[in-house]
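See below for the structure under consideration.
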Amino acid sequence: RLNATSMSDSSDDDVPLTSLGRRRTSRFNSKPKMAYVESSDEAEFEDDFEEEQIQQQQQQASDEPGDDDDNDFIDDEEEGGGGDNDDEDDDDSDDDMPIAALKKKTAASSKKKATPAKKTPAKKAATKKTTPAKKKQLIRKKSSSASITASSELYAKSDKGKLVQSLLCRWWYAIQWPEQEILEAPVPKNCDTLPGFPGVYVCTKGENVGKIYDHRNKNTCPNFLNFARKSSEELQELLLKAIEKQRQVLIEHEGQGTDTEKGLKDLEKWTKKLNCKKADKDAVKVLKAAGLDL
């Protein structure tokens with residue numbers, strides 16, 4: 001008998017709740033009533049029990065709401081948007097569902113509630129700061145105009161500029177500056193010569209201590225402006241003189257056949273072949289095109 005009941009309980013898991021209720025009520029009604037002899041005490045107890053049940057049923061009937069309450073309840077449901085009707089439909093559908101399926105459904109719903117979906121923060125799109133094209137053009141124009149000078153234009157676009165640049169690298173082999181008469185001039189009072197700068201003096205006594213006195217001739221100074229104002233022919237002569245003197249000094253200190261000597265020979269060949277008149281004309285055109293003047 002125990003095995004039969006356990007088998008029936010396990011089979012009940014696959015039976016809908018409504019059918020299961022019907023089966024159990026029919027099973028209860030089909031059980032045979034056992035006859036037994038009632039004593040007088042038992043009969044009185046059953047009478048009392050039946051009376052209590054009747055009273056409870058009457059009380060339940062009196063507690064049930066009337067039609068007006070039902071109408072109010074229905075109106076409340078309609079005003080509330082029918083939310084309870086959806087729950088009742090779900091309950092009715094659960095009554096027709098087997099117990100095993102109902103267990104799975106409740107377990108799945110509890111897992112969904114237990115593990116809420118993680119919200120991934122939205123990635124902010126990287127924004128690059130871009131400068132307008134007009135501003136870029138203005139910046140380029142300003143920088144280019146600031147870098148354009150007479151020396152940069154002549155050095156890059158004319159043969160005369162190459163003559164000037166080459167002579168500035170070795171001018172002391174061809175030119176004596178400061179001039180000899182300035183070097184032989186007496187030292188000013190309360191002053192001393194500035195080491196490394198012949199013709200320049202610094203005051204060391206009196207009220208003008210620290211003052212610099214430069215007696216060198218600025219008009220003959222070996223700088224770009226003074227050289228560029230010379231003709232290409234004069235620059236050619238000075239450069240060839242400087243190359244020859246530099247080669248002599250180089251051989252005395254390092255001997256013949258050095259890379260520096262080879263470079264001097266190449267520069268000497270280029271200087272001798274140069275067309276000085278054409279170089280002067282090209283230099284004028286370059287400065288005019290750049291809007292510059294010496």
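The values are calculated or read from the model by the stated rules, or taken from the named source; none is laboratory data. Note that the structure is predicted; figures quoted are calculated from it, not measured. Glycine gets a Cβ as well: all are built from the backbone with ideal geometry, and neighbour counts include every protein chain shown. Only protein heavy atoms, including side chains, enter the accessible area calculation; ligands, DNA and RNA are left aside. Shrake-Rupley method; radii C 1.70, N 1.55, O 1.52, S 1.80 Å.
Put simply, the convex hull of the Cα atoms in the range 207-256 casts, on average, a shadow of 6.3 nm². Gyration tensor over the Cα atoms of the range 227-294: the corresponding equivalent ellipsoid has semi-axes (square roots of 5 times the eigenvalues, largest first) of 31, 11, 11 Å.
Taking C221, C203 and ordering them by how much accessible surface each has at a 1.4 Å probe, largest first, produces C221, C203. Legend: distances between Cα atoms for K241/K273; K157/K281; K157/K218; K162/K285; K160/K273; pairs beyond 20 Å are K157/K218. Extension gain for T260 to C221 (0.36 nm times residue separation, less C-alpha to C-alpha distance): 11.4 nm.
Between K269 and Q59, the modelled labels are 13.2 nm apart [label points 7 Å from Cα along Cα→Cβ]. Once Lys and Arg get +1 and Asp and Glu get -1 on their Cβ, which of S232, Q256, A242 lies farthest toward the positive end of the dipole of the range 214-294? The Cα lying farthest towards the positive end belongs to S232.
Full extension of the chain between K205 and K288 yields a length gain of 24.8 nm, computed as 0.36 nm times the residue separation minus the alpha carbon distance.
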